[in-house]
1. Identify all residues within the range 21-43 that are touching a Gly at 6+ places or on another chain (Cβ under 9 Å) and either modelled with pLDDT of 90 or more or surrounded by fewer than 16 Cβ atoms within 10 Å (Cβ to Cβ) (or both); write none if there are none.
2. Consider residue 78 against the criteria (1) crowded, with 22+ Cβ neighbours inside 10 Å; (2) within 18 Å of the chain's Cα centre (by Cα): it satisfies all of them except one. Which criterion is unmet?
3. Could you tell me how many of the residues in the range 47-70 are assigned to a helix (DSSP H, G or I), of a type in the set (A, V, I, L, M, F, W, C) and under 18 Å from residue 25 (Cα atoms)?
4. Take the residues in the range 35-46 that are aliphatic (A, V, I, L, M) and assigned to a helix (DSSP H, G or I), then tell me which one is farthest from residue 123 (Cα to Cα).
5. I need the full set of residues from the range 112-135 which are of a type outside the set (S, T, N, Q) and within 9 Å of the chain's Cα centre (by Cα), in order please.
6. Of the residues 172, 193, which single one is over 21 Å from residue 43 (Cα atoms) and surrounded by 15 or more Cβ atoms within 10 Å (Cβ to Cβ)?
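The values are calculated or read from the model by the stated rules, or taken from the named source; none is laboratory data. Keep in mind it's a predicted model, so treat the numbers as computed, not measured. Cβ sites come from the backbone with ideal geometry, for glycine too, and all protein chains shown count toward neighbours.
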Amino acid sequence: MTDTAAVPEPRHERRLQRMRAAHSYWAVLCAIFVAFFLSALLPDAAWATSLIVLVQSATLLIVIWTAGWAMNERAVPFALATAAIVASAVDFFWQGKALTAALAIVAGALTVTIAVSIAAGAVAQHEVNSRSVAGAICVYMLFGLLFLWLYSLLTVLDTAPFFAQGIDGTRALRLYFSFTTLATLGYGDYTAASNLGHALAVLEALIGQLYLVTVVAVVVTRLGGPGRAILKQTKESEIDGPQT
C-alpha cells in the first residue's frame, strides 16, 4: 500500500493564511479612523449613527480576520457584530429614544470588544514590533470612541442638558469633547454639567494619561528589543574575533 503524496497548498492560500496570522493592525487603525471621521463629519441623524455602527462592526470582523481566529473560536464577537448589524439596519427605518439608547449601548460594547480582541491578538504575538505599536494606537483611539458613546447614551437617558452650556450637543461636538478630554487638553469651551458627566470626564482623562505613560511607553521602549540584542551580540563577536 503506497502513501499518496500530499497536495501542495496553493500559493495564494498560503499568502492569505500568513496575512490572517500576521496580527497586522494597520488596516484596523484605518477602519477606526474611518469611524472617527464619520462621527465628526456626518450629520447628527439616525442613519448616520447606523452607518458608524456598521463601520465598527466591520472593524471587529477585520480584527478577528487578521488575528486568524475561526468563527467557533470567537463566537461572542461574531454574535455581537451580527447583533450590531441588525440593530443598525432596524435603526435605518425605525427611530426612537429606546432604539437610540440601545444602539449607543451596542456601539459601546462593540468598541470594548474591538479593544479586547486587539489586546488579545497583540499578546498572542509574544513579541513587541510595529504591529504592536499599531495595536496600541488602535486601543487609544477606541477609548475616545467609547466615551463618545457613553456621553451619547447619557444625553438620551438624562432629561437635563449634558453640557453646562445648556445643550446636549451634536455627535461631532461630543466626539470633540471626548478626545480633548482623553488628551487632557482642557480647552474649557465645553464642560459636562451633571455629576455623572464629571465623573466620566475625569475617568477618561485618567485613562488617557495612564495609558500613554504605561502601555504605549512600554511598547515603544521594547520595540525592536530582540533585534537590537542580536545586533549587539553580533558586533561583540566581530570585535572579539574567533575563539581559539
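1. Matches in the range 21-43: 21, 22, 28, 29, 36.
2. (1)
3. 8
4. It comes out as 46.
5. Selection gives 112, 114, 115, 116, 118, 135.
6. Just one listed residue meets the conditions, 193.
Quick grid of which residues meet (1) part of a helix (DSSP H, G or I); (2) at pLDDT below 95; (3) touching a Lys or Arg at 6+ places or on another chain (Cβ under 9 Å):
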position: 156; (1), (2), (3): yes, yes, yes
position: 165; (1), (2), (3): no, yes, no
position: 176; (1), (2), (3): yes, no, no
position: 184; (1), (2), (3): no, yes, no
position: 199; (1), (2), (3): yes, no, no
position: 209; (1), (2), (3): yes, yes, no
position: 212; (1), (2), (3): yes, yes, no
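Okay, residues lined up against (1) in contact with a helix residue (DSSP H, G or I) (Cβ under 8 Å, 6 or more places away or on another chain); (2) assigned to a helix (DSSP H, G or I); (3) aliphatic (A, V, I, L, M); (4) surrounded by fewer than 22 Cβ atoms within 10 Å (Cβ to Cβ):
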| residue | (1), (2), (3), (4) |
| --- | --- |
| 83 | yes, yes, yes, yes |
| 89 | yes, yes, yes, yes |
| 101 | yes, yes, yes, yes |
| 105 | yes, yes, yes, yes |
| 111 | yes, yes, no, no |
| 128 | yes, no, yes, yes |
| 143 | yes, yes, no, yes |
